[in-house]
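A quick write-up on the structure given underneath.
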Amino acid sequence: MRVAIHQPDLLPWSGFWFKMVNSDAFVLAVHDQLQKHWVQRRVMMRETWVTLPLVGKPHLVPINTVEVKDGWQDHLVDSIRGRYVGARHWKARGGEILDRISSVQGSNLAQINIALIEHVRDMLGITTRLIVPDPPEHAGLERVLEVLQAVGATSYLSGTGARDYIKDEGQRRFDDLGIELVWSDHLKTTGDSIVTVFMDYDDPMEVVAARAQNGT
């Protein structure tokens, strides 16, 4: 069983969905530490950031303990409308995206992002199973391996950014556990949110599924 692991980011870019569509199960790492100024709470749209305002100043805490200020739905809806109202596919898809965002309730950052991820997964027609794991005991690479073993993974699809900490020693740990390590070969059409893909491209799944090798 091929598994990918990713933090529950806010309406993330196409590479996130590439890993999902090419996996049998997709683990949402809600227990990872919040990266305060990164993509769990903000997303690039039209090459500018859209940021969810948080309650207080959370620091060095798990993502699933972070709260978002009331009114985040209106903020996100207004931000999307302002950036995409003239886009090619706004009339056909914009209303559905805004309605789905407005339907999400609650103030927990992880739960909000997971709900939005589920909506986008449905819109893209992806059927990969989503898993929210139990709190892991380890950190770093050992945490990844712990989660993979817990869900019964035989193969792990990783983003290429993980090469910096997996290295040769990490590869040996995967080999020892009998878990195949596979690197994502997603073709980066845009680093913007998946919303940009819905708004600008006739076939969003063609962008999501694009590979950097073999021209497919």
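None of the figures in this text is laboratory data; all of them are computed from the coordinates on show. Keep in mind the model is a prediction, meaning the values are calculated, not measured. Cβ atoms come from the backbone with ideal geometry, glycine included; neighbour counts cover every protein chain shown.
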Just need the Rg to Rh number for the range 95-156, please, alpha carbons only, Kirkwood Rh.
-> 1.08
Modelled label-to-label distance, Leu141 and Gln33, 7 Å Cα→beta-carbon offset: nm?
-> 1.9
Fewest-first sequence of Trp72, Trp13, Trp38 by Cβ atoms within 10 Å of each Cβ = Trp38, Trp72, Trp13
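What is the order of Ile114, Ile194, fewest Cβ neighbours within 10 Å to most? Mind showing how you got there, number by number?
Values: Ile114 18, Ile194 26.
Ranked by crowding around the Cβ, least crowded first: Ile114, Ile194.
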Which Cα, out of Gly178, Val132, Thr190, lies furthest along the positive dipole direction of the range 128-196 (beta carbon charges, K/R +1, D/E -1)?
-> Thr190
Square roots of five times the C-alpha gyration tensor eigenvalues of the chain, ordered largest first and given in whole Å, equal 29, 22, 14
Zone residues, the range 179-205, relative to Met123, backbone N less than 19 Å from point 7 Å out along Cα-to-Cβ = 189-205
Lys19: which aspartates and glutamates have alpha carbons under 17 Å from its alpha carbon, excluding same-chain residues fewer than 8 sequence positions away?
-> Asp9, Glu118, Asp122, Glu180, Asp185, Asp192, Glu206
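Quick one: dipole size for the range 2-209, taken about the Cα centre, charges +1 on Lys/Arg Cβ and -1 on Asp/Glu Cβ, in debye to the nearest 20.
With only Lys, Arg, Asp and Glu charged at Cβ, the dipole is about 560 debye.
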How would you rank Val30, Val182, Val61, going from fewest to most other Cβ atoms within 10 Å of each one's own Cβ?
-> Val61, Val182, Val30
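Under 1.5 on a/c is rounded, so check that first for the range 1-125, then, if it is not, pick prolate when a/b is larger than b/c and oblate when it is not; a ≥ b ≥ c are the square roots of the alpha carbon gyration tensor eigenvalues.
Details: a/c = 1.78, a/b = 1.11, b/c = 1.61.
Verdict is oblate for the range 1-125.
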